Amino acid sequence: MSLEQFINEAISPWLKEDGPDSDIVMSSRVRLARNFEQSPFPLIADEKQMESILYFMEKEFNHRSYLQYKDLEFVKMAELKQVEKQVLVEKHLISPHLADKSKQGAALISKNEQVSIMVNEEDHIRAQLYFPGFQLEKALEQAFQLDDWLEEKIDYAFDENRGYLTSCPTNVGTGLRASVMMHLPALAITRKINRMIPAINQLGLVVRGIYGEGSEALGNIFQISNQVTLGRSEEDIIEDLKGVVDKLIEHERHARNLLMEQSELELEDRVFRSYGILQHSRIIESKETAKCLSDVRLGIDLGFIHHISKSILNELVVLTQPAFLQQYAKKMLTPNERDVFRASLIRERFTLEQKEEY
Amino acid sequence: MECQECKQNPATVHFAQVINGEKTEIHVCQQCAKEKGYVSQEEDAYSLHHLLSGLFNPKSSAMHHQSHKATDKELQCDKCGMTYQQFARIGKFGCATCYHTFSEHLNPLFRKVHSGNTAHEGKVPKRVGSDIFQRKKLRDLKVKLQQAIAEEAFEEAAEIRDEIRSLEKNLNHHEERDDS
C-alpha cells in the first residue's frame, strides 16, 4: 500500500476538513455517559449481563443511521488484534480502557469516524462526537440528537434529582464531557501557558495533554475540558468552556503577534530548523517529532512556510504513534526500529507534499 | 539524565528503592519502567478516582471512624450487592440503585466533586422521563408566574397560569391512568 493510500485510510475523514478557528483549535468533542437502568454497571456486571448489553446494542444499532451518519458499524473488541485496538485508541475512537480492560467491549463507529459509541466501557454507553475546529455548540446539538435516538430503544438509568446515573461520581448529572484540542505553541514558547493552567483549573476546567489523563502536552497540543457535570445544564457547561477557549485563542493570537514583532528572525530560525529535522532525520523519537511538527505548523500559520497543507500536524501526530507505525510496517517494531521507521515515514510524507505542489 | 536501563531515552521515572535498609536510586524511562515492572500498567490509569476515594472519609479521626463503622456496615445495595465500604474504596457505583442505597452519604461527596452542586440541572430523557420533564416545566412556569406577578405583567401572568393549568391536568391524567 502506498503512503498516500495508507494516510487516507488512517486519518479520520472529518479531521481533514477545516473548521472555525482551526489555526488554533484542532477539534471539538462532546461525550455523553449513559447506562441501562436494569443492568449493573460494567465494573461489577457478570459476563452474561454484559453479553446481553452487547447483543442488544448490536441488534438495535448495527448498520443503522442517524442524521448524516450512515451505517454505524458495530466493532467488537474481542474480534480485534491488539494493534488494531491500539490504532483505534490513537485515533481517539475508543479509550484505552475499552481496548485493554473491558470484557465484552464494543464500539459503534460511523463511516466518517465522527461518531463513536463505546459499549461496556466504564459505563454501558459512552457516546462521542467530534467536529473539526471550534464547534462545541454544533457538537452538543448533534450529541443530543444522538442521545434521543439511542433513548428510543434504551431505558436509561436516570434520577429526577441526580440526573443521568454513571458509574463514577465525577460524571453524574449530565454525563457530559466537552473538550477541545488546542495547538498553543506561542503560549508555550513564551511560557505563559504555565501561568494560565492554574487559573483555568480554578474555573472548574481541566487541561491535559493530547492522549488524555496524565499525558504530557506533546507538540504543544492541549486538551481543555469541563470537570463539573452536576448542577449545571449542558448549555451552561459548554458556554463556560467556550468562554475560556475564546480567551485562550485571543491570548495565543496575541502571543504569536508579539513573537513576530519582537523576535521574527529567531522564530523563523526555529521553524526552519524543525522543518529541516523532519525532512532529513534518519532516527527520530516521538517527542522530538511532536515538537518539530508543532514548529512547522506554527510556521505555516505565520506564513513562513508555504506549499504544505495545514493538516500535516493533525495527520503526523497520529501517524507517528507506535501502533500506526507498526500497522504501516506490518510488523512489530522495537522502540529503536520505531524511531527509524518514524523518520522515514515523515520524510516520505513531506515528499508527497512536494509532488502535489510542483 | 538518561535512562539507566536502555541508556537512550531520557529518564522520566525517578524513585528510590529500599531493600533491607539499603537505598538505591533508580532513574529510567517510561518504556523501561514498564518492562522492568517498576510501574504497573495501572499507573497510566491513575486518575481522579484514586484521589476521590480519599474524599469518602473526610474526617480522619479514628474515633469518628469507629462510630460510623457500625452504620456503614449495614449499607448494602440490594440490587448489585455493593457495600458502602466497597463503594468508598473503589469510588464507583455498582448500579443505578446504589444511588438510592448510599443516598445519605452522597451530598458531601457530590459537593466536593461538582463545585457545591448536588442536584441535576439539564437534559431529561424524553421517554423515561416524560413526567419528570413535565414536572420540571411546571416548576419553571410557577417561578415565571411569580416573576410576572411581581413585575405586574398580568397579561403574561394569565397566559402562564393557563399553561400551568393545562400541564397540571395532563399530569393528573397520567397519574390516574398509572393507578388503574
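Here A:E268 meets the list (1) under 21 Å from the mean Cα position of the chain (by Cα); (2) surrounded by 15 or more Cβ atoms within 10 Å (Cβ to Cβ); (3) among the charged types (D, E, K, R) almost entirely, failing just condition (1). Reported count of residues in the stretch B:105-128, each being within 7 Å of chain A (Cβ to nearest Cβ) and under 17 Å from B:A88 (Cα atoms), is 3.
Would the stretch A:295-314 turn up any residue that is of a type in the set (G, A, S) and within 14 Å of chain B (Cβ to nearest Cβ)? Show your work before the answer.
Quick first cut of the stretch A:295-314, residues of a type in the set (G, A, S) only: A:299, A:303, A:309, A:311.
Imposing the further condition that a residue be within 14 Å of chain B (Cβ to nearest Cβ) reduces the set to none.
Within the stretch A:295-314, none of the residues are of a type in the set (G, A, S) and within 14 Å of chain B (Cβ to nearest Cβ).
I'm trying to understand the selection: among the residues of the stretch A:116-163, which are within 15 Å of the chain's Cα centre (by Cα) and assigned to a helix (DSSP H, G or I)?
From the stretch A:116-163, those within 15 Å of the chain's Cα centre (by Cα) are A:116-118, A:126-136, A:139; that's our starting set.
Residues satisfying the conditions are A:L136, A:A139.
Residue count for the stretch B:134-158 under the criterion of being basic (K, R), within 14 Å of chain A (Cβ to nearest Cβ) and in contact with a helix residue (DSSP H, G or I) (Cβ under 9 Å, 6 or more places away or on another chain): the result is 2.
A:A99 meets the conditions (1) farther than 24 Å from A:Q142 by Cα; (2) more than 14 Å from chain B (Cβ to nearest Cβ) in every case but one. The failed one is (2).
Considering B:D131, B:D162, the condition of being at the interface with chain A (Cβ under 10 Å from one of its Cβ atoms) and either acidic (D, E) or in contact with an Asp or Glu (Cβ under 6 Å, 6 or more places away or on another chain) (or both) is satisfied by B:D131 alone. One residue stands out in the stretch B:91-148 among those that are among the hydroxyl-bearing types (S, T, Y), at pLDDT 90 or above and part of a helix (DSSP H, G or I): the one that is surrounded by the fewest Cβ atoms within 10 Å (Cβ to Cβ), namely B:S103.
If I filter the stretch A:156-173 for residues that are more than 8 Å from chain B (Cβ to nearest Cβ) and basic (K, R), do I get at least one hit? No, that holds for no residue. Taken over the stretch A:324-346, the residue count meeting the criterion of being free of Cβ contacts under 8 Å to residues at least 60 places away in the same chain and under 22 Å from the mean Cα position of the chain (by Cα) is 2. One residue stands out in the stretch A:92-113 among those that are open to solvent by 10 Å² or more (accessible area, probe 1.4 Å) and outside any loop (DSSP other than H, G, I, E, B): the one that is modelled with the highest pLDDT, namely A:I109. Checked against (1) surrounded by fewer than 16 Cβ atoms within 10 Å (Cβ to Cβ); (2) over 23 Å from A:L93 (Cα atoms), A:C292 meets all criteria but (1). Conditions: (1) touching a helix residue (DSSP H, G or I) at 6+ places or on another chain (Cβ under 9 Å); (2) within 30 Å of A:L265 (Cα to Cα). A:S344 meets all but one. Number of the miss? Going through the list (1) touching a helix residue (DSSP H, G or I) at 6+ places or on another chain (Cβ under 9 Å); (2) within 30 Å of A:L265 (Cα to Cα), A:S344 breaks only (1).
Of all residues in the stretch A:34-53, count the ones that are more than 12 Å from chain B (Cβ to nearest Cβ) and closer than 17 Å to A:T166 by Cα. Walk me through it before giving the result.
First pass over the stretch A:34-53, keeping only residues more than 12 Å from chain B (Cβ to nearest Cβ): A:47-48, A:50-53.
Still in the running and closer than 17 Å to A:T166 by Cα: A:50, A:53.
Here the count works out to 2.
Scanning the stretch A:79-91 for any residue that is assigned to a strand (DSSP E or B), within 20 Å of A:F324 (Cα to Cα) and free of Cβ contacts under 8 Å to residues at least 60 places away in the same chain turns up nothing.
Looking at the stretch A:141-155, can you tell me whether even one residue there is within 8 Å of another protein chain (Cβ to nearest Cβ), surrounded by fewer than 20 Cβ atoms within 10 Å (Cβ to Cβ), out of contact with any Cys (no Cβ under 6 Å at 6 or more places or on another chain) and at positive phi? If you could, list the steps in order and put the result at the bottom.
The initial filter retains those residues of the stretch A:141-155 that are within 8 Å of another protein chain (Cβ to nearest Cβ), namely A:144, A:147-148, A:151-152, A:155.
In the following step, the residues that additionally are surrounded by fewer than 20 Cβ atoms within 10 Å (Cβ to Cβ) were identified as A:144, A:148, A:151-152, A:155.
Subset that is out of contact with any Cys (no Cβ under 6 Å at 6 or more places or on another chain): A:144, A:148, A:151-152, A:155.
Add one more test, that the residue is at positive phi, and what stays is none.
Within the stretch A:141-155 (the criterion being within 8 Å of another protein chain (Cβ to nearest Cβ), surrounded by fewer than 20 Cβ atoms within 10 Å (Cβ to Cβ), out of contact with any Cys (no Cβ under 6 Å at 6 or more places or on another chain) and at positive phi), the answer is no, since none of the residues qualifies.
Look at (1) open to solvent by 50 Å² or more (accessible area, probe 1.4 Å); (2) of a type in the set (F, W, Y); (3) within 17 Å of A:V180 (Cβ to Cβ) and you find that A:F222 fails only one, number (1).
The values are calculated or read from the model by the stated rules, or taken from the named source; none is laboratory data. Worth saying up front: this structure is predicted, and the values here are computed from it rather than measured. Quick reminder, even Gly has a Cβ in these numbers, built from the backbone with ideal geometry, and neighbours come from all protein chains shown. What goes into the accessible areas is simple: the full protein's heavy atoms, side chains included, and nothing from ligands, DNA or RNA. Shrake-Rupley method; radii C 1.70, N 1.55, O 1.52, S 1.80 Å.
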